[in-house]
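Remarks on the structure that follows.
The values are calculated or read from the model by the stated rules, or taken from the named source; none is laboratory data. This is a predicted model, so every value here is computed, not measured. Heads up, the Cβs are rebuilt from the backbone with ideal geometry, glycines too, and the neighbour counts pull from every protein chain shown. Surface areas here come from the heavy atoms of the whole protein model, side chains and all, with no ligands, DNA or RNA. Shrake-Rupley method; radii C 1.70, N 1.55, O 1.52, S 1.80 Å.
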Amino acid sequence: SSLPAVPCDQPHDNEAYASFNVSLESYPDEDAMYELAFESCQARFESFVGRDYETSTLDIYTLYPTVAGWAQGDREVVCAVFDMEANKLVGSMKGRGI
């Protein structure tokens, strides 16, 4: 239901860069929901980071509705970036081109 926030100037594991609501009539299976979330987050990646996903040192982490959450009205997908080598992020990754 919520995530702890860390100021961008402090070391952090992930940075949320987009969120949106899924506009499906019913919940697909879990694999299809993951694919929808990942592909939608990937489509938003380059405009945030300033580099295409395939050549970036950042990866995408997605939070998306579960079946139980969907039944309670959850439709939100949150897109976050993280360093593929598990280094802490410091500062925003917006426009960093890495």
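To keep it simple, each residue is scored yes or no on (1) under 28 Å from Glu25 (Cα atoms); (2) free of Cβ contacts under 8 Å to residues at least 60 places away in the same chain; (3) over 15 Å from the mean Cα position of the chain (by Cα).
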residue: Glu39; (1), (2), (3): yes, yes, no
residue: Ala43; (1), (2), (3): yes, yes, no
residue: Ser47; (1), (2), (3): no, yes, no
residue: Gly50; (1), (2), (3): no, yes, yes
residue: Thr55; (1), (2), (3): no, yes, yes
residue: Val67; (1), (2), (3): yes, yes, yes
residue: Val78; (1), (2), (3): yes, no, no
residue: Gly95; (1), (2), (3): no, yes, yes
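Does region 4-13 include one or more residues that are open to solvent by less than 70 Å² (accessible area, probe 1.4 Å) and touching a residue at least 60 places away in the same chain (Cβ under 8 Å)?
Narrowing region 4-13 to residues open to solvent by less than 70 Å² (accessible area, probe 1.4 Å): 8, 12.
If we keep only those that are touching a residue at least 60 places away in the same chain (Cβ under 8 Å) too, we end up with 8, 12.
Within region 4-13 (the criterion being open to solvent by less than 70 Å² (accessible area, probe 1.4 Å) and touching a residue at least 60 places away in the same chain (Cβ under 8 Å)), the answer is yes, since at least one residue qualifies.
Among the residues of region 14-68 satisfying the criterion of being among the β-branched types (Val, Ile, Thr) and in contact with a strand residue (DSSP E or B) (Cβ under 8 Å, 6 or more places away or on another chain), which is nearest to Gly95 (Cα to Cα)?
Keep residues of region 14-68 that are among the β-branched types (Val, Ile, Thr), which gives 22, 49, 55, 57, 60, 62, 66-67.
Now drop any that are not in contact with a strand residue (DSSP E or B) (Cβ under 8 Å, 6 or more places away or on another chain), which leaves 22, 49, 57, 60, 62.
Numbers: Val22: 26, Val49: 5, Thr57: 13, Ile60: 16, Thr62: 20 Å.
For region 14-68, the residue satisfying everything is Val49.
Test Gly97 against the criterion of being at pLDDT 95 or above and at positive phi, and give yes or no.
Yes: the conditions hold for Gly97.
Suppose we keep only residues that are β-branched (Val, Ile, Thr) and open to solvent by less than 60 Å² (accessible area, probe 1.4 Å) within region 38-91. Which one would you say is farthest from Ala5 (Cα to Cα)?
Val49
Go over the candidates Glu54, Glu30 one by one and state the one that is among the acidic types (Asp, Glu) and touching a helix residue (DSSP H, G or I) at 6+ places or on another chain (Cβ under 8 Å).
Working: Glu54 fails: touching a helix residue (DSSP H, G or I) at 6+ places or on another chain (Cβ under 8 Å).
Of Glu54, Glu30, the one residue that is among the acidic types (Asp, Glu) and touching a helix residue (DSSP H, G or I) at 6+ places or on another chain (Cβ under 8 Å) is Glu30.
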